[in-house]
């Protein structure tokens, strides 16, 4: 819950190139459990699969950003780990910037966040 009392909305994102989804399902379960442990609402799940998981153009990531643009209240892009966005540092920077333009920031299921400390204090409140 945010400091204003609004519930945080988590937009879960992942990418997965292989046909076996066992590992993907595990990552998504970790994201859902993390959101639940924080009292966050899950706004949806966006998955770039197959070739889209490996390229620069990610249609589901773009759809997630559009949904974030339209969302009200505190929002986060929740990923299992930083490499779920991409393994390329420059592409990761571009993707995180796009999430910031949509009014959110990225959080991992391990509790890492790319939000500046002052922004995080203003948007999110950690449950005790």
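Numbers below:
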| item | result |
| --- | --- |
| Total residues in the range 87-123, condition in a loop (DSSP other than H, G, I, E, B), at pLDDT 90 or above and under 16 Å from residue 74 (Cβ atoms) | 5 |
| Odd one out for residue 52, checked against (1) in contact with a helix residue (DSSP H, G or I) (Cβ under 9 Å, 6 or more places away or on another chain); (2) within 20 Å of residue 111 (Cα to Cα); (3) free of Cβ contacts under 8 Å to residues at least 40 places away in the same chain | (2) |
| Qualifying residue in the range 66-80 (condition: touching a strand residue (DSSP E or B) at 6+ places or on another chain (Cβ under 9 Å), under 19 Å from residue 97 (Cα atoms), part of a helix (DSSP H, G or I) and touching a residue at least 24 places away in the same chain (Cβ under 8 Å)) | yes |
| Per-region count, the range 84-110, residues farther than 20 Å from residue 6 by Cα and either in contact with a strand residue (DSSP E or B) (Cβ under 9 Å, 6 or more places away or on another chain) or surrounded by 15 or more Cβ atoms within 10 Å (Cβ to Cβ) (or both) | 9 |
| Counted residues, the range 71-84 - those being touching a helix residue (DSSP H, G or I) at 6+ places or on another chain (Cβ under 6 Å) and either within 13 Å of residue 8 (Cβ to Cβ) or modelled with pLDDT under 95 (or both) | 4 |
| Scan of the range 6-35 for residues that are out of contact with any helix residue (DSSP H, G or I) (no Cβ under 8 Å at 6 or more places or on another chain), touching a residue at least 40 places away in the same chain (Cβ under 8 Å) and part of a helix (DSSP H, G or I), ordered by number | 28, 30, 31, 33, 34, 35 |
| Residue within the range 46-53 that is crowded, with 17+ Cβ neighbours inside 10 Å, assigned to a loop (DSSP other than H, G, I, E, B) and modelled with pLDDT of 95 or more present | no |
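The values are calculated or read from the model by the stated rules, or taken from the named source; none is laboratory data. Please read all numbers here as calculations on a predicted model, not as lab measurements. Backbone-built Cβ (ideal geometry, glycine too); neighbour counts: all protein chains shown.
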